[in-house]
Amino acid sequence: MELNTLIVEGGRKISGTVRVGGAKNSSLPLIAAALLTAGTSTIEDVPRLKDIETMRGVVEALGARVIMEDNVMTVDSSCLNGNEPPYDLVRAMRASFLVMGPLLARMGSAHIFQPGGCAIGARPIDLHLKGFAALGAEIDMSGGVVKAKVDGRLKGDRVYLDFPSVGATENIMMAAATADGRTLIENAAREPEIVDLANFLNKMGARVRGAGTPMLRIDGVEELAPSSHTVIPDRIEAGTFMIIAAGTQGSLYIDNVVGEHVKPLEAKLSEAGAHVETFEGAMRVSADRRLKAVDVTTMPYPGFPTDMQAQLMAVLCTSEGTSQVTENVFENRFMHAPELSRMGANIKISGRTAIIEGVPNLTGAQVNATDLRASAALVTAALTAEGETHIHNISHLDRGYENFEGRLAKCGARMRRE
Ligand code: EPZ
């Protein structure tokens with residue numbers, strides 16, 4: 001039986017050292033990219049998470065052989081024999097759709113169940129499909145399945161993304177890597193995970209330029225060769241630890257962080273009165289008093305990440321003054337707010353904006369986790385609260401944080417699953 005409730009004893013300062021793992025949101029496209037070549041690629045520092053297991057299931061269902069030892073994954077894509085990932089896996093994780101680009105490039109066709117909306121928004125895939133169509137794929141959507149096919153090679157072209165979608169940029173980049181001619185992705189996403197994927201593709205022999213800027217240029221090559229790569233540190237996991245240190249007025253030395261990747265959060269925490277020291281590949285975050293209110297608006301990178309919004313809101317609930325949080329990336333990403341209110345927070349939502357009136361403290365309550373980052377936010381709030389918080393449906397947390405409780409326990413947290 002799954003232990004799906006986390007009981008957190010609050011009011012303890014979280015202090016010590018934590019190591020951040022490889023980025024989930026980099027690992028997922030990297031595993032998909034390994035399908036682009038007939039051979040064995042090695043990906044290091046892959047976190048052991050539910051979402052990674054789901055992606056592993058997806059590529060195995062397509063014929064790849066995967067071995068995971070500690071945090072090293074090898075993906076042997078010598079013999080792909082499928083082009084249709086199982087419905088249950090696609091439904092369990094939208095990022096499964098990232099195999100569409102590699103399948104189209106390698107097999108000339110892909111059938112993938114249309115991912116539905118999820119707790120944080122409708123999350124359409126129109127921009128992915130616009131890109132594939134521009135590269136010459138024929139797309140048919142009927143019966144809830146996206147069927148894409150191309151005769152021969154895809155053909156490079158210009159793709160303008162109406163919004164710098166992370167997934168669409170990745171999917172189109174992978175499809176274009178072996179297309180005939182040049183692909184330009186305009187208004188491309190600039191997230192560090194995009195750069196990581198471009199680096200891996202280039203090690204495989206691709207010619208991707210401009211990753212990290214709004215204009216990606218991909219000169220298609222005939223074929224790619226397997227390669228090895230180490231995943232970048234998870235900036236969202238690092239950020240979650242930064243917020244926990246500041247919110248509990250503790251002090252965490254956070255190892256394996258790229259300072260540049262967490263700049264937007266660092267700036268906000270400093271503005272709120274936390275101390276942030278940066279070292280080569282590491283940082284220390286601490287606070288010796290209650291934080292001050294700050295305003296924040298989520299934006300595509302290098303703006304403030306939507307994946308940190310819930311956790312920051314958790315500590316703004318007890319900050320001094322009134323904070324305003326605006327969510328610009330997803331249309332329904334305030335599911336954590338009513339749960340924080342159960343703990344005594346004073347939050348008013350109007351459309352895409354939440355106004356948070358800081359209260360002196362939160363108190364333990366029964367709360368429900370609705371998605372991955374909401375779970376992390378509730379753990380954060382529970383750590384700062386007085387008394388015991390019972391977080392139900394905590395299994396969402398395991399999609400994105402490896403041994404979260406174990407690492408925090410070493411830094412003074414008290415929590416257990418029931
Ligand atoms: C990635 O999702 C991340 N997931 C998300 O992390 C993250 O929240 C998100 O980027 C934004 O940073 C992975 O990398 C696996 P998008 P993705 O396409 O690629 C709209 C987490 O907690 N859109 O950049 O799906 C979309 O609806 C997760 O780890 C379209 O309209 O995000 C959304 O409003 C959750 N049409 C916005 O763009 C499309 O075709 C951003 O989505 C695609 C997206």
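The values are calculated or read from the model by the stated rules, or taken from the named source; none is laboratory data. Not measured: the values here are computed from a predicted model. Backbone-built Cβ (ideal geometry, glycine too); neighbour counts: all protein chains shown. Please note that ligands, DNA and RNA were not included when accessible areas were found on the heavy atoms of the full protein model with its side chains. Shrake-Rupley method; radii C 1.70, N 1.55, O 1.52, S 1.80 Å.
For this structure, a couple of remarks:
- Two-decimal log10 I(q)/I(0) for segment 32-156, as the Debye equation yields it once each C-alpha is a single scatterer, q = 0.09, 0.14, 0.21 Å⁻¹: -0.25, -0.60, -1.24
- The residue 81 and residue 142 beta-carbon pair, evaluated with R₀ = 25 Å, returns a calculated FRET efficiency of approximately 0.55.
- Each distinct pair of alpha carbons in segment 235-382 adds a 1/r term; the inverse of their mean, the Kirkwood radius, is 14.9 Å.
- Normalised contact order of the chain, rounded percent, pairs of Cα under 8 Å and 6 or more residues apart: 20 percent
- Adding -39500 (n - 2.57) for every DSSP H run of four residues or longer, then dividing by how many residues the chain holds, sets the calculated 222 nm ellipticity at -8500 deg cm²/dmol.
- Listed residues 107, 141, 283, most fluctuating in the chain (Gaussian network, C-alpha, under 10 Å): 141
- Relative contact order, percent, segment 1-104 [alpha-carbon distance under 8 Å, six or more residues apart]: 28 percent
- Neighbour cut-off at most 16 other Cβ (10 Å), DSSP loop, GluC sites (Glu not before Pro), segment 292-399: 331
- The chain, accessible area per residue, ligands and nucleic acids excluded (1.4 Å, Å²): 38 Å²
- Contour minus Cα-Cα distance for residue 94 and residue 219 (0.36 nm per residue): 42.2 nm
- Backbone HN-Hα couplings from phi across segment 268-283 [Karplus 6.51/-1.76/1.60, Hz, Gly and Pro as x]: 5, 5, 5, 4, 7, x, 7, 9, 10, 10, 10, 10, 5, x, 8, 8
- Packing-based ranking, highest mean first, of 235-244, 56-65 given that Cβ atoms within 10 Å are counted: 235-244, 56-65
- Each Lys and Arg Cβ is given +1 and each Asp and Glu Cβ -1; about its Cα centre, segment 209-344 then shows a dipole of about 440 debye.
- Radius of gyration (Cα atoms) of segment 1-42, expressed as a multiple of 2.2 N^0.38 Å: 2.03.
- Positive dipole terminus of the chain, leading residue within 245, 64, 413 (C-beta point charges): 245
- Protein accessible area in segment 298-359, 1.4 Å probe - carbon and sulfur %: 51 percent
- Dimensionless Rg over Rh [the chain; C-alpha; Kirkwood]: 0.98
- Three-way shape call for segment 177-238 based on the alpha-carbon gyration tensor, with the a/c threshold at 1.5: oblate
- Solvent-accessible area assigned to carbon and sulfur over segment 1-87 amounts to 46 percent, based on a 1.4 Å probe.
- Mean-square fluctuations from a GNM of the chain, with a 10 angstrom spring cutoff on Cα atoms, peak among 84, 186, 69 at 69.
- Packing here is the average count of other Cβ atoms within 10 Å per residue, and on that basis the peptides 37-45, 197-205, highest first, run 197-205, 37-45.
- Relative contact order %, segment 54-204, counting alpha carbon pairs below 8 Å whose residues are six or more apart: 18 percent
- Our estimate of slack between residue 203 and residue 263, defined as 0.36 nm per intervening residue step minus the Cα-Cα distance, is 18.9 nm.
- Pairs of Cα atoms farther than 12 Å apart, segment 35-97, %: 65 percent
- Rough spin-label spacing in nm, given labels placed 7 Å along Cα→Cβ, for residue 151 and residue 295: 5.7 nm
- Binning the alpha carbon pair distances of segment 164-298 at 10 angstrom intervals from zero yields the distribution 12, 33, 25, 19, 9, 1, expressed in whole percent.
- Shape index of segment 94-166: Rg/Rh, with Rg the Cα radius of gyration and Rh the Kirkwood radius from the inverse mean 1/r over Cα pairs, equals 0.95.
- Segment 165-189 residues near the modelled residue 130 label - backbone nitrogen below 18 Å, point 7 Å along Cα→Cβ: 165-176, 183-189
- Cα centroid separation, segment 138-204 to segment 301-365 (Å): 34 Å
- Here the Gaussian network model covers the chain, with springs between Cα atoms less than 10 Å apart; of 175, 148, 245, 148 fluctuates the most.
- Pair-distance profile P(r), taking every C-alpha pair of segment 294-338, with 5 angstrom steps and integer %: 5, 22, 34, 25, 11, 2
- 0 to 90° range, to nearest 10: angle between helix 235-247 axis and the chain longest Cα axis: 0 degrees
- For segment 226-293 and segment 67-84, distance of Cα centres in Å: 33 Å
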